[in-house]
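A.B. asks: Would you mind keeping the following structure in view while I ask a few things?
The values are calculated or read from the model by the stated rules, or taken from the named source; none is laboratory data. Please read all numbers here as calculations on a predicted model, not as lab measurements. Heads up, the Cβs are rebuilt from the backbone with ideal geometry, glycines too, and the neighbour counts pull from every protein chain shown. Just the protein is used for accessible areas: all its heavy atoms, side chains included, with ligands, DNA and RNA removed. Shrake-Rupley method; radii C 1.70, N 1.55, O 1.52, S 1.80 Å.
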Amino acid sequence: MIHVTPLALTPAGGASPRRLATIALGLCPLAAGVSGCAERPAAPVTTTRDSAGIVIVESAAPAWPVGEGWTVDTAAVLDLTRTGEGPEHELFRVQDVLRLTDGSFAVALPTEIRLFSRSGEYIATVGREGEGPGEFLRLSRLVLLEPDSLIAYDYWQRRAMVYGPGLEVARVVRFDREHMRRESFDVLDDGFVFMESWPSVLVQDAPIGLVRMPLPVLRATRTGEIVDTVAIAAGSESVRLRTERGIADAMPAFGRDSHLAVHQGRIVLGDAVGLDYRVLGPTGEVERIVRASFDTTLPQDILEAERHARLGDDPSPTRIRFWEDLPIPADRPAYAELVVDATGAVWLKEHRGELVNRLSEDLHPWEVFSPEGVWLGPVALPANLTVFEIGADYVLGVFPDELDVEHVAILPLSRSPDSR
């Protein structure tokens, strides 16, 4: 039987050399641009009201006092790159990681799944490159369909592989959609929910400049039939540029994106305009709207850090012109990632630039909201840590070291007893 379970943390050999002190990121601020906690009131200011059956939760300040709250120790208690030797422990382009009932790990690479024991020993590899049953072209997500069924989602082939308790292929689910997002895919009640990567009605004559195309969020049955559109997300921002070869799309500076997660049969959908998100029922009805007062002004030092990350130390004139052609917004997105943890708390990674988020080893704030939508405050994680799962007492993710070797690691999470 395959289940997810909280991890009972015990120190293990081969901890990451990137040992940092345990951090409580309630200290103001990490860098310019962090929300103004210097003037945080002594008591939290959160209001909850009902509007036509929708619960609206609004926070004017975090509930945690400055310097208090949850902490994550960045010294890994388990690192799958260091728990064994050989090519099986050489992990490259990790797409997702799932922790199973017995404490073992399933690690998704683009064309295979590697299984490791709870203590990090290599067990087996499932899948290979191809288009047949048990084969992948671009595996991107691992989720649970039910207690004994593991789902492996291949977005290039627009299909999901269903594995039984012995990790045999039980069936293949195909989705009749040409454009499916790489990461926005999950299990919802008796079926699936996912976000398309392109609007169902293409806008070919969009204007030059910054464009944000709304994206449908679709619900499908267990056999892949589309049931309905449960929501419309604001979508991803892109820049349309006029070049010598015609119109081209480019990644904007500080572009906004939409984020989707599922927890206990509810959809959490965020568009990153502000520090806010919506909680939807399985058929799309809005049940809760959560908002917090958060400064999204784009500081000059964060803008310069992103410019340097994109251009490098000695950029060519072409790259410089390309950057100068991008529209620079006055505001940045409130967050770059959204994760719902095992308790239902929502974690939003503060946005400090597309490349800075991925390349920096500095500590970076994630703003945390309680399951009820109360803004609790920031928790610090390494900026270059890609988070896959947050349990009751751990954070599971992957980060590159100075040699660009990828480390799948577990970091201990402490939820202070006085915090929510």
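A.B. asks: Among the numbered criteria (1) surrounded by 17 or more Cβ atoms within 10 Å (Cβ to Cβ); (2) over 16 Å from the mean Cα position of the chain (by Cα), which one does GLU350 miss?
C.D. replies: That leaves (2) as the condition not met.
A.B. asks: State which residue pairs qualify: first residue at negative phi and open to solvent by 90 Å² or more (accessible area, probe 1.4 Å) and inside the stretch 309-332, second residue outside any loop (DSSP other than H, G, I, E, B) and among the β-branched types (Val, Ile, Thr) in any location, beta carbons under 9 Å apart, and separation of 6 or more residues or different chains.
C.D. replies: ASP325/VAL239
A.B. asks: Then there's this: Considering VAL262, VAL230, which residue is aliphatic (A, V, I, L, M), assigned to a strand (DSSP E or B), closer than 27 Å to PRO365 by Cβ and open to solvent by less than 40 Å² (accessible area, probe 1.4 Å)?
C.D. replies: VAL262
A.B. asks: Would you call GLY120 at pLDDT below 90 and not hydroxyl-bearing (Ser, Thr, Tyr)?
C.D. replies: Judged against the criteria, GLY120 is not a match.
A.B. asks: Among the residues of the stretch 131-173, which ones are in contact (Cβ under 8 Å) with a residue 12 or more places away in the chain and over 23 Å from ASP190 (Cα atoms)?
C.D. replies: Of everything in the stretch 131-173, those that are in contact (Cβ under 8 Å) with a residue 12 or more places away in the chain and over 23 Å from ASP190 (Cα atoms) turn out to be GLU131, GLU135, PHE136, LEU137, ARG138, TRP156.
A.B. asks: Now for a different question. What are the residue pairs meeting all of these: first residue in the stretch 207-218, first residue modelled with pLDDT of 90 or more and among the small types (Gly, Ala, Ser), second residue surrounded by 17 or more Cβ atoms within 10 Å (Cβ to Cβ) and outside any strand (DSSP E or B), Cβ atoms under 9 Å, and 6 or more apart or on different chains?
C.D. replies: So the pair list comes out empty.
A.B. asks: Scan SER104, SER35 and give me the residue that is open to solvent by 10 Å² or more (accessible area, probe 1.4 Å), farther than 30 Å from ASP295 by Cα, modelled with pLDDT under 95 and not aliphatic (A, V, I, L, M).
C.D. replies: Every option except SER104 fails the conditions.
A.B. asks: Output the residue which, of all residues in the stretch 270-292 that are in a loop (DSSP other than H, G, I, E, B) and of a type in the set (D, E, K, R), is nearest to ALA52 (Cα to Cα).
C.D. replies: In this case the residue turns out to be GLU285.
A.B. asks: Hey, VAL97 hits all of (1) open to solvent by less than 10 Å² (accessible area, probe 1.4 Å); (2) out of contact with any strand residue (DSSP E or B) (no Cβ under 6 Å at 6 or more places or on another chain); (3) within 19 Å of GLU168 (Cα to Cα) but one; which does it fall short on?
C.D. replies: Condition not satisfied by VAL97: (2).
A.B. asks: A further question on this structure: Would you point out the residue of the stretch 125-144, among those that are surrounded by fewer than 18 Cβ atoms within 10 Å (Cβ to Cβ) and on the phi > 0 side of the Ramachandran plot, that is modelled with the lowest pLDDT?
C.D. replies: Checked the stretch 125-144; the qualifying residue modelled with the lowest pLDDT is GLY134.
A.B. asks: I would also like to ask the following. Does any residue of the stretch 376-393 turn out to be closer than 18 Å to GLU183 by Cα, among the aromatic types (Phe, Trp, Tyr) and open to solvent by 30 Å² or more (accessible area, probe 1.4 Å)?
C.D. replies: Scanning the stretch 376-393, I find at least one residue that is closer than 18 Å to GLU183 by Cα, among the aromatic types (Phe, Trp, Tyr) and open to solvent by 30 Å² or more (accessible area, probe 1.4 Å), so the answer is yes.
A.B. asks: Just checking, does the stretch 189-202 include any residue being over 24 Å from the mean Cα position of the chain (by Cα) and either at pLDDT 90 or above or not polar (S, T, N, Q) (or both)?
C.D. replies: yes
A.B. asks: Among the residues of the stretch 59-87, write down those that are assigned to a strand (DSSP E or B) and surrounded by fewer than 18 Cβ atoms within 10 Å (Cβ to Cβ).
C.D. replies: Across the stretch 59-87, there are no qualifying residues.
A.B. asks: Does the stretch 393-407 contain at least one residue that is under 30 Å from ASP50 (Cβ atoms), in contact (Cβ under 8 Å) with a residue 12 or more places away in the chain and in contact with a strand residue (DSSP E or B) (Cβ under 6 Å, 6 or more places away or on another chain)?
C.D. replies: no
A.B. asks: Does SER414 qualify as being open to solvent by less than 10 Å² (accessible area, probe 1.4 Å), among the polar types (S, T, N, Q) and either under 14 Å from the mean Cα position of the chain (by Cα) or at pLDDT 90 or above (or both)?
C.D. replies: No.
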